[in-house]
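The values are calculated or read from the model by the stated rules, or taken from the named source; none is laboratory data. Since the structure is predicted, the reported quantities are computational estimates derived from the model, not experimental observations. Heads up, the Cβs are rebuilt from the backbone with ideal geometry, glycines too, and the neighbour counts pull from every protein chain shown. Heads up: the accessible areas ignore ligands, DNA and RNA and are worked out on the full protein's heavy atoms, side chains in. Shrake-Rupley method; radii C 1.70, N 1.55, O 1.52, S 1.80 Å.
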Amino acid sequence: MTEQQPLPPKSFDPTTFREKPVSFVRRSGRMTPSQERAWADHAEKYVLDIAHGPAATSVADGETGDPEQIFGRTAPLIVEVGSGQGHAILHASQTRPDTNFLAIEVFRAGLARTIIRAEVAGVENLRLAEVNAPELLEKYLPAGSVDEIWVFFPDPWKKARHHKRRLVNDDFARVARRALRPGGVLRLATDWENYAEHMRQVLDAAEGFERDFSGEWAERFDGRILTAFEEKGIDKDRRIRDLTYRRGTATSAMTATIEETP
């Protein structure tokens, strides 16, 4: 019997790995033929051409974008982090034509579904980004350029050992503060109470943010369309928790430093 040769060691390129864990696991899911057609025909119109760094959804160093040039006008800007199939942001963009909307999502199939619906609705004030959201908020958009950031039903990463992957943490609060204009709003919602408590703890302690609600939780944001996902959580008797925080308008040395950081 021929002696089996050991397998060669796997190559490891450290430049393709991030220093910080991300809030998603990106699998190469297969798109439907209609999604592939929508992407081929309309991605250039909707999806921002953002150069990636070594990791697949990273933002390359030095890559920046000007909202006024992106949308061809000056208008309030709302950014949704983790837009899924686009239900919330599509509804908002249709009902608020005077506002610009940017949806950030790492799963291309979800972006393709959003494109299909946007084309049917004839939406003109919506753009999409296929990148890691914290990097876009920190590197790509100018400081103080966003009026609202929406984080609706992010992955709760239920197991304790996975909590480090949760999107909303101290670092996310920092980059959200940088992107928001003074007085800008961060809106969050989740159907996972443990995550809601975690988000509230993080934002209560975050410098530059103040509660924009009284009591334990914020009222449900009436600008968020009721989706099948939210209804599913309600059907399972999970309480939907909303949180709303406003970036403080007071000028401080720390705030000035953040705004000047490229």
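Some observations on this one:
Listed here are the residues, each with its yes/no results for (1) modelled with pLDDT of 95 or more; (2) part of a loop (DSSP other than H, G, I, E, B); (3) surrounded by 19 or more Cβ atoms within 10 Å (Cβ to Cβ).
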position	(1), (2), (3)
Phe172	yes, no, yes
Ala176	yes, no, yes
Arg187	yes, no, yes
Glu197	yes, no, no
Ser214	yes, yes, no
Lys232	no, no, no
Asp237	no, yes, no
Thr251	no, yes, no
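- Selection within segment 91-113: residues that are open to solvent by less than 30 Å² (accessible area, probe 1.4 Å) and of a type in the set (Val, Ile, Thr). The member of this set that is nearest to Arg73 (Cα to Cα) is Thr99.
- Selection status of Val123, under 22 Å from Asp66 (Cα atoms), touching a strand residue (DSSP E or B) at 6+ places or on another chain (Cβ under 7 Å) and at pLDDT 95 or above: no
- In segment 28-40, the condition of being at pLDDT 95 or above, among the hydrophobic types (A, V, I, L, M, F, W, C) and surrounded by 13 or more Cβ atoms within 10 Å (Cβ to Cβ) is met by at least one residue.
- Residue check for Thr99: within 15 Å of Tyr46 (Cβ to Cβ) and of a type in the set (Ser, Thr, Tyr): no
- Restricted to segment 43-80, and to residues there that are of a type in the set (Ser, Thr, Tyr) and assigned to a loop (DSSP other than H, G, I, E, B), the residue that is modelled with the lowest pLDDT is Thr57.
- Ile70 vs. criteria touching a His at 6+ places or on another chain (Cβ under 6 Å) and aliphatic (A, V, I, L, M): no
- Qualifying residues in segment 114-132 (those that are under 17 Å from the mean Cα position of the chain (by Cα) and open to solvent by 10 Å² or more (accessible area, probe 1.4 Å)) - the one farthest from Thr95 (Cα to Cα): Asn132
- Verdict on Asp147 being in a strand (DSSP E or B), at pLDDT 95 or above and either closer than 17 Å to Arg241 by Cβ or open to solvent by 20 Å² or more (accessible area, probe 1.4 Å) (or both): yes
- Only one of the listed residues (Ser83, Ser93) is in contact with a strand residue (DSSP E or B) (Cβ under 6 Å, 6 or more places away or on another chain), of a type outside the set (D, E, K, R) and in a helix (DSSP H, G or I). That residue is Ser93.
- Against the list (1) crowded, with 19+ Cβ neighbours inside 10 Å; (2) more than 25 Å from Ala218 (Cα to Cα), the condition Ala75 fails is (1).
- Gly84 meets the conditions (1) at positive phi; (2) in contact with a Leu (Cβ under 8 Å, 6 or more places away or on another chain) in every case but one. The failed one is (2).
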